[in-house]
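Undergrad: Here it is, the structure in full.
Only the coordinates and a few stated rules stand behind these numbers; no lab work does. Only a predicted model underlies this, so the values are computations on that prediction, with no experimental measurement involved. Cβ atoms come from the backbone with ideal geometry, glycine included; neighbour counts cover every protein chain shown.
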Amino acid sequence: MTAPITAPEALAEAAAELARHPAIGLDTEFLRERTYFAQLCLLQLSQPGGALCVDTLASVSLDPLVPVLGKGGPIKVLHATRQDQEVLWPVVGAIGPLFDTQVAAALVGLPAQVGYGDVVRELLGVELHKSQTRTDWSRRPLSAAQIDYALDDVHHLLPLREVLLERLGRLGRLAWFEEEMRAVSGESFAVDPGLAWQRYKGLADLDPARQRLATALCTWREQRAVESNRPRGWILPDPALRDIVMQVPRSEAQLERMRELPDGIRRNSGAQLLRLVAGAEVPTPPPPLPQRRRPDTEQLATVARLADALKRVATELELAPEVLATRRELERIANGGRDGPSQQGWRQSVVGAPLLAAL
């Protein structure tokens, strides 16, 4: 067992050593069940010949690691980078350059969302233990088994990178991978409550007044969640938000009749919710609710042709079809969209023309 780093001197020494290498492995352990922002509990790092972890709950500043993890440092090798990027954003800002082993694995023929353990088993022949998958990483002290489990998550990242680089090069897909990494490296995870409406599914199908109401509710909920550092569902659950948008309650009595609105939220935030409803200026009575659209048989047939064309190309390349284009992308093309991922970059060169030819 390698004891977690808890002292500033030890962290500064480790950061200096990590900075010497062209690539390092990176992973995080965190909790977010009761908070809006993830609580970073453990930071694991690897370099050729060894791995270490930093107890981020100890009173030690991570400032020495900022130059290492930032854009000017070594290549950071992770598996499924987005979650780790989001967790690290409030602590160290944008990280990069990145090497995502999940993306690389998908481009050499493994499933699109393949797990870390599966990649390690498939490419390195190593079976990882899963005994600590339900660990509460905020509890201290950490056991030897917990630390070993955490270090296992970074111990194999650098060897994986070497194998994946070789396969990408042999298949002529290094440029594809580099394009994917440019798209995710240095991405911002700053919170903008004004964009929270983008999480609301079906907003475009609503009448303008309900769109205003949904946007206002989403913004209010996000602001409250950020300010209190509590999950957005604790502020207003999704089903309750949707019910307010659909039913447009205008009184306390109408709020009381809403099944999905918890009593505690109604008592504490009911007046604010009613002010948001009033501010959206939804007519009385509200406009009719959107009707469920019947499947367009012609569009379904077009999407089916696109799916067949996609499958043929994916089979030739020995790739999972969703690596090239998702079902949503096919539907967008069927509806006339020409600016999606399949019509840009390396995807356009391999699948763009066959998809358009299938229309």
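Undergrad: Just from its helices, what would the mean residue ellipticity at 222 nm be for the chain, if runs of 4 or more DSSP H residues each count -39500 (n - 2.57) and the sum is divided by every residue, rounded to the nearest 500 deg cm²/dmol?
TA: After summing the helix terms and dividing by the residues of the chain, the value is -14500 deg cm²/dmol.
Undergrad: Also: Could you tell me what fraction of 2.2 N^0.38 Å the Cα radius of gyration of the stretch 8-184 comes to, as a two-decimal ratio?
TA: So the Cα radius of gyration is 1.01 times the expected 2.2 N^0.38 Å.
Undergrad: So, in nm, how far is label residue 268 from label residue 299 when the simple model puts each one 7 Å beyond its Cα toward the Cβ?
TA: Modelled inter-label distance: 4.1 nm.
Undergrad: Could you tell me whether the chain comes out rounded, prolate or oblate from its Cα gyration tensor? Rule is a ≥ b ≥ c as square roots of the eigenvalues, rounded for a/c under 1.5, then prolate if a/b exceeds b/c, otherwise oblate.
TA: oblate
Undergrad: Okay, moving on. Could you tally the net charge around residue 3, taking each other residue with its Cβ under 13 Å from the Cβ of residue 3, Lys/Arg +1 and Asp/Glu -1?
TA: Here the count lands on -1.
Undergrad: 7 Å from Cα along Cα→Cβ at both residue 2 and residue 144: what's the point-to-point distance in nm?
TA: 1.7 nm
Undergrad: I want to verify the translational diffusion coefficient of the stretch 297-357 in µm²/s; compute it with Stokes-Einstein, Rh as the Kirkwood radius over Cα pairs, at 37 °C and 0.692 mPa s.
TA: Details: Rh = 11.2 Å.
For the chosen part, D equals 293 µm²/s.
Undergrad: Shifting gears a bit: Which of rounded, prolate, oblate describes the stretch 193-279, given a ≥ b ≥ c as roots of the alpha-carbon gyration tensor eigenvalues and a/c under 1.5 marking rounded, otherwise prolate only if a/b is larger than b/c?
TA: It is oblate, given that a/c is not under 1.5 and a/b is not larger than b/c.
Undergrad: Here is a further query. With a Förster radius of 35 Å, plug the Cβ-Cβ distance of residue 188 and residue 113 into 1/(1 + (r/R0)^6) and report the FRET value to the nearest 0.05. Kindly include the intermediate steps, with their values, before the conclusion.
TA: Details: r = 23 Å, r/R0 = 0.67.
The value I calculate is 0.90.
Undergrad: Using the Kirkwood formula over every pair of different C-alpha atoms, what hydrodynamic radius in Å results for the stretch 80-216?
TA: Values: mean 1/r = 0.0554 Å⁻¹.
Every distinct Cα pair counted, the radius reaches 18.1 Å.
Undergrad: Another question about this same structure. Going by a ≥ b ≥ c, the root eigenvalues of the Cα gyration tensor, does the stretch 153-302 fall in the rounded group (a/c under 1.5), the prolate group (a/b larger than b/c) or the oblate group?
TA: On the way: a/c = 3.20, a/b = 1.84, b/c = 1.74.
Prolate, because a/c is 1.5 or more and a/b exceeds b/c.
Undergrad: Here's a follow-up. Between residue 259 and residue 291, what FRET efficiency comes out of the Förster formula 1/(1 + (r/R0)^6) with R0 = 35 Å and r the beta carbon distance, rounded to 0.05?
TA: 0.95
Undergrad: Still on this structure, please answer the following. Pick out the long, greasy-scoring helices in the chain: whole DSSP H runs spanning 24 Å or more along their own axis by Cα, mean Kyte-Doolittle at least -1.0. List each step's numbers first, then the result.
TA: Numbers: long enough: 208-228 (30 Å, -0.72); 297-317 (30 Å, 0.17).
What comes out of the filter, once short or polar helices are dropped, is 208-228, 297-317.
Undergrad: If you filter the stretch 186-215 for trypsin sites (Lys or Arg not before Pro), then keep DSSP loop positions with at most 10 other Cβ within 10 Å, what is left?
TA: Counting only loop positions with at most 10 other Cβ atoms within 10 Å, the trypsin sites (Lys or Arg not before Pro) in the stretch 186-215 are 201.
Undergrad: Moving to a separate point now. Using mean Cβ contacts within 10 Å as the protection proxy, how do 29-35, 84-90, 39-45 order, highest first?
TA: So the order, starting with the most tightly packed, is 39-45, 84-90, 29-35.
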